[in-house]
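The values are calculated or read from the model by the stated rules, or taken from the named source; none is laboratory data. A quick note: this is a predicted structure, and the numbers were derived from the prediction, not measured. Positions of Cβ are backbone-derived with ideal geometry, glycine not excepted, and every protein chain shown enters the neighbour counts.
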Amino acid sequence: MRQTRKRYNEEFKLQVIIEALRKKSTTKEVARDYNLHPDLVSRWKREFFNSIVYFELSHDKKESDLEQATAKREAKLCRKIRKLDRQLVWLKKKMAEVLPQEGRLALLDRQDSELSLPMQARLLDLDVTSLFYKPSHVKDGSYRLMKSTVFRPANLAIRQKPEKNLSIRSEHVQ
């Protein structure tokens, strides 16, 4: 009767190869321990080392392919950033021409959690201080006081004749 050929699974082959590599024994001794022919163990070791070399080469190729893909994606993103930057500059210029400052102030969204108010102001080409500016109403009394100090006869004389400034100032100091 004819003997059927034995088939060994990958785990068993790997176990034999690891034992052959770990032990200080020869391939013949490992083959005897597992009831195998020594040529079979040698062939498995050779296939194992060839597959490692192939794995390293394919791994290096995959890494270089990955690096190339990353470089392509990075270049594409840089082009997109430059394009968006040019569009933003153009929109800012056109918006500043078309909308007055009050109109751009009305576009601010104080409830937006993604963009801070200073960032929105920069995008709308507004000064950040304009966000918090509140005009103060001058009372009549303070306006009169300011007018009387600015248009005082001594102050007018200083503005009209600068060479007499020293004598007029010295009169006020005394």
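Rundown of residues vs (1) modelled with pLDDT of 85 or more; (2) of a type in the set (F, W, Y), yes/no style:
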| residue | (1), (2) |
| --- | --- |
| R2 | no, no |
| R7 | no, no |
| F12 | yes, yes |
| I18 | no, no |
| K24 | no, no |
| K28 | yes, no |
| A31 | yes, no |
| L36 | yes, no |
| V41 | yes, no |
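Being exposed (fewer than 10 other Cβ atoms within 10 Å of the Cβ) and at pLDDT below 80 is the filter here; which residues of region 120-132 pass it? Steps first, answer last, please.
Of the residues in region 120-132, the ones exposed (fewer than 10 other Cβ atoms within 10 Å of the Cβ) are 129, 132.
Correct list: F132 only.
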